[in-house]
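The values are calculated or read from the model by the stated rules, or taken from the named source; none is laboratory data. If you're wondering where the values come from, they're calculated on a predicted model, not measured in any experiment. Note: ideal-geometry Cβ built from the backbone for every residue, glycine included; neighbour counts use all protein chains shown. Accessible surface is based on the protein model in full, side chains and every heavy atom, while ligands, DNA and RNA are left aside. Shrake-Rupley method; radii C 1.70, N 1.55, O 1.52, S 1.80 Å.
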Amino acid sequence: MDKLELRRKVAQARRAIPAEARRSAAAAIRENLLDRPWVQMAGLVACYWSTGDEPDTHGLVFALWKHGATVILPVLREDDDLDWAVYDGPDTLAPGRRGLMEPIDTRRGVEAIRTAALVIAPALAVDRQTGVRLGRGGGSYDRALARVGPNVPTVALLHEGELIDGVPAEPHDRPVRYAALPSGIVAIR
Ligand SMILES: Nc1ncnc2c1ncn2[C@@H]1O[C@H](COP(=O)(O)OP(=O)(O)OP(=O)(O)O)[C@@H](O)[C@H]1O
Ligand SMILES: [Mg+2]
C-alpha cells in the first residue's frame with residue numbers, strides 16, 4: 001500500500017469513530033502518558049493542538065501546562081516547516097495557516113524543538129517495527145523530528161489499530177520511539 005492509499009484508509013476509519021469513543025480514547029491516551037515518569041519529568045514539551053479526527057490533545061496540553069511544564073506548539077510556516085511558540089493557557093491560541101490553532105506568543109524559531117525534553121507528534125499510522133510514522137503529507141514533522149536528539153523520547157498519538165506493519169517509508173521519513181494508544185504506550189526502539 002502506498003502513502004496516499006494508507007492516508008485514505010486511516011482517514012476513513014477515523015471518520016467512523018463515534019464521539020463517545022473519541023472522548024474515551026483521548027482520555028486514555030492522556031492518562032497513559034501522564035502516568036509515565038519521563039512525561040512527568042519533562043520540563044519542556046513539544047506537543048501539537050489536534051484538529052479534526054486526530055486523537056484529541058487539548059486536554060493533554062492543558063494538563064501538561066497545569067502540571068508546570070512549558071509546552072511549545074507548532075506554528076506552520078509558509079514552507080511547511082514548523083516554527084514553535086509557547087502555550088500559556090486556553091486563551092493564548094488563535095487560528096493560523098489552514099485554520100490550525102497556534103499560540104499567539106513570540107515565535108521561537110524552527111530550532112526551538114531541539115530544547116524539548118519530550119516530543120509529542122501527530123501521525124495517521126506508525127510502523128510497529130521501525131517506528132516510521134505516516135503524516136498528512138507535508139513533511140513538516142520529518143523536518144522537525146530530524147532536529148531532535150536520539151535520547152529524547154518522541155511519541156506519536158494514535159487511535160487503536162493505527163500501529164501497524166508495513167508503513168511505507170522514504171529516506172526522509174523520521175521514526176518515533178513510542179506510540180501512545182488508548183490501550184497503552186508501546187516502546188518501539
Ligand atoms: N527534511 C526535509 N526537507 C525538505 N522537505 C522535506 C523533508 N522531509 C520531507 N520533506 C518533503 O515533504 C514531503 C512529504 O513527505 P511525507 O509524505 O513523508 O509527509 P508526512 O510524513 O506524511 O508528513 P508530516 O511529516 O508533516 O507528518 C516529501 O515529499 C518532501 O518533499
Ligand atoms: Mg514522512
Exercise. Taking segment 145-161 on its own, how many of its residues are near ligand 1 (Cβ under 10 Å from one of its atoms) and open to solvent by less than 20 Å² (accessible area, probe 1.4 Å)?
Worked result: 2
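Which of the residues spanning segment 90-106 are polar (S, T, N, Q) and open to solvent by less than 30 Å² (accessible area, probe 1.4 Å)? Even if it seems obvious, please write down each step before you answer.
Here is the first cut: in segment 90-106, the residues polar (S, T, N, Q) are 92, 106.
The answer is T92, and nothing else.
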Exercise. Do you know which residues across segment 125-144 are open to solvent by 20 Å² or more (accessible area, probe 1.4 Å) and either of a type in the set (A, V, I, L, M, F, W, C) or not in a helix (DSSP H, G or I) (or both)?
Worked result: R128, Q129, T130, R136, G137, G138, G139
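I'd like to check something: does segment 76-89 contain any residue that is in contact (Cβ under 8 Å) with a residue 60 or more places away in the chain and open to solvent by 40 Å² or more (accessible area, probe 1.4 Å)? Walk me through it before giving the result.
First, pick out the residues of segment 76-89 that are in contact (Cβ under 8 Å) with a residue 60 or more places away in the chain: 76, 80-82.
Going one step further and asking which of them are open to solvent by 40 Å² or more (accessible area, probe 1.4 Å), we end up with none.
No - not one qualifying residue is present in segment 76-89.
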For this session: Could you tell me which numbered condition G52 fails, if it satisfies all but one of (1) loosely packed, with under 13 Cβ neighbours inside 10 Å; (2) in a helix (DSSP H, G or I); (3) touching a helix residue (DSSP H, G or I) at 6+ places or on another chain (Cβ under 9 Å)?
Result: (2)
Exercise. Which one is most open to solvent (accessible area, probe 1.4 Å) among residues in segment 107-124 that are among the aliphatic types (A, V, I, L, M) and part of a loop (DSSP other than H, G, I, E, B)?
Worked result: A117
Exercise. Of everything in segment 170-189 that's closer than 21 Å to E54 by Cα, open to solvent by 60 Å² or more (accessible area, probe 1.4 Å) and more than 15 Å from the chain's Cα centre (by Cα), which residue is farthest from ligand 1 (Cβ to nearest atom)?
Worked result: S183
Seminar exercise, completed: Exactly one of R14, R7, R30 is at pLDDT 95 or above, open to solvent by 40 Å² or more (accessible area, probe 1.4 Å), charged (D, E, K, R) and away from ligand 2 (no atom under 16 Å from the Cβ), and that one is R30
Seminar exercise, completed: Residues of segment 90-106 being of a type outside the set (A, V, I, L, M), more than 16 Å from ligand 1 (Cβ to nearest atom), part of a strand (DSSP E or B) and in contact (Cβ under 8 Å) with a residue 24 or more places away in the chain, in sequence order, are P103
Exercise. Considering segment 148-189 alone, what residues qualify as being assigned to a loop (DSSP other than H, G, I, E, B), of a type in the set (G, A, S) and within 16 Å of ligand 2 (Cβ to nearest atom)?
Worked result: G166, A169
